[in-house]
Amino acid sequence: MDRKPVIVVHGGAWAIPDYLAESSTNGVKGAACCGFSILAQGGSSMHAVEAAVRVLEDDKAFDAGHGAVLNADGNVELDAIIMDGKNLAVGAVSCIKNIANPITFARSVLEKTPHAMLTGEGANAFAEKMNIPRVSTDELVTDHSIKEWEEYQKYTQSVTNLFNSEKVHDTVGAVAIDSDGNVSCATSTGGITNKMVGRVGDSPIIGSGGYADNFVGAVSTTGHGESIMKVTLARLVLLHMEQGKSPRDASDQALDYMKNKVHGRGGLIAVSKTGEWAARFTTQRMAWAGIDGEMLYYGLNPGEQFQESLHNAI
């Protein structure tokens, strides 16, 4: 099979403030170009999505890796998932600490253990065994994250108001199809500011934060984690695609269902087994970028899509 490679990335669906708009847009464009360069050289979709997400984890404009937010105790707990649509192999980690690139750690779980997910102390012990570099919490946290956490300490809010807000930072992710027709997804997050210690959102949950199956396609989600888990958003999108809907229509139907059923908002990126793709969201903004040949497409606001020559972008 010789298929045109495609990659799509997102930087989180939330109320992205104006001061982060440019850096968020530039970040997803850079991540997409990085991942596509691997695909263009015949590389695998797994390698491409991991590389793209690593770029976002290293960019402090995003809530993943180096831009992570603080939990209720003022610490960082990170989650990630990566999935190979060829054989449904999956690796996920949750509540890990002091790891700059959780997505690479998640791939280690996929490739070097018989398990699908590791969490907490056991996950961190495995990271040490695998010689995965550890970094200080200070290196992962931005001044903005600290100020945001300090603001949350001043107020007592209900769980609903606190955690179903569009104002909190969110997830990053990537989906891709390579020239062999294999699809993959990757999702990584630092969670939400002031979350309970030990809270796990949708990002590392198979079928919620991401899913990939060569027979259908791949999805990476972002938004209110508890809502996404309730409707298993990633798998729901693929279910609609299995029934013949385009990635765009399947995404819109799944997001509308989540909004109407559990009052949750979010976004997602999806690519089909034929290379058709979509980036859709119900929040105020979502930074996204996609490459499906010689053109780079990107956007931030609802209904917005820009494009430029991939040659100019690189």
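Observations on the structure shown:
- Cβ pairs under 9 Å, 6+ apart, first in segment 85-113 and touching a residue at least 60 places away in the same chain (Cβ under 8 Å) and over 20 Å from Arg235 (Cα atoms), second surrounded by fewer than 19 Cβ atoms within 10 Å (Cβ to Cβ) and of a type in the set (Lys, Arg): Cys95/Arg199
- When residues in segment 54-77 are screened for being of a type outside the set (Val, Ile, Thr), more than 11 Å from Asp170 (Cβ to Cβ) and not in a loop (DSSP other than H, G, I, E, B), 6 of them pass.
- The residue that is nearest to Ala51 (Cα to Cα), counting only those in segment 184-216 that are touching an Asp or Glu at 6+ places or on another chain (Cβ under 7 Å) and of a type in the set (A, V, I, L, M), is Ala186.
- Segment 261-297, residues that are farther than 14 Å from Ser45 by Cβ and aromatic (Phe, Trp, Tyr): Phe281, Trp288, Tyr297
- Within segment 129-141, residues that are at pLDDT 85 or above reach no partner that is in a strand (DSSP E or B) with beta carbons closer than 6 Å at six or more positions or on different chains.
Yes/no per residue for (1) in contact with a strand residue (DSSP E or B) (Cβ under 7 Å, 6 or more places away or on another chain); (2) modelled with pLDDT under 95; (3) crowded, with 18+ Cβ neighbours inside 10 Å:
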site: Met83; (1), (2), (3): yes, no, yes
site: Asn87; (1), (2), (3): no, no, no
site: Val93; (1), (2), (3): yes, no, yes
site: Ile96; (1), (2), (3): yes, yes, yes
site: Ile99; (1), (2), (3): yes, yes, yes
site: Phe105; (1), (2), (3): yes, no, yes
site: Leu110; (1), (2), (3): yes, no, yes
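- Looking across segment 241-274, the residues that are of a type in the set (Gly, Ala, Ser) and farther than 15 Å from Lys230 by Cβ come down to Gly244, Ser246, Ala250, Ser251, Gly267, Ala270, Ser272.
- Among the residues of segment 218-265, the one identified as at positive phi and either part of a helix (DSSP H, G or I) or crowded, with 24+ Cβ neighbours inside 10 Å (or both) is Gly223.
- Neighbours by Cβ (under 8 Å, 6+ apart or cross-chain): first from segment 229-253, closer than 22 Å to Gly290 by Cβ; second charged (D, E, K, R) and in a loop (DSSP other than H, G, I, E, B): Leu233/Asp202; Ser246/Glu276; Pro247/Glu276; Gln253/Lys245
The values are calculated or read from the model by the stated rules, or taken from the named source; none is laboratory data. Treat the numbers as computed from the prediction; the structure is a model and nothing was measured. No Cβ is skipped: glycine too gets one built from the backbone with ideal geometry, and neighbour counts run over all protein chains shown.
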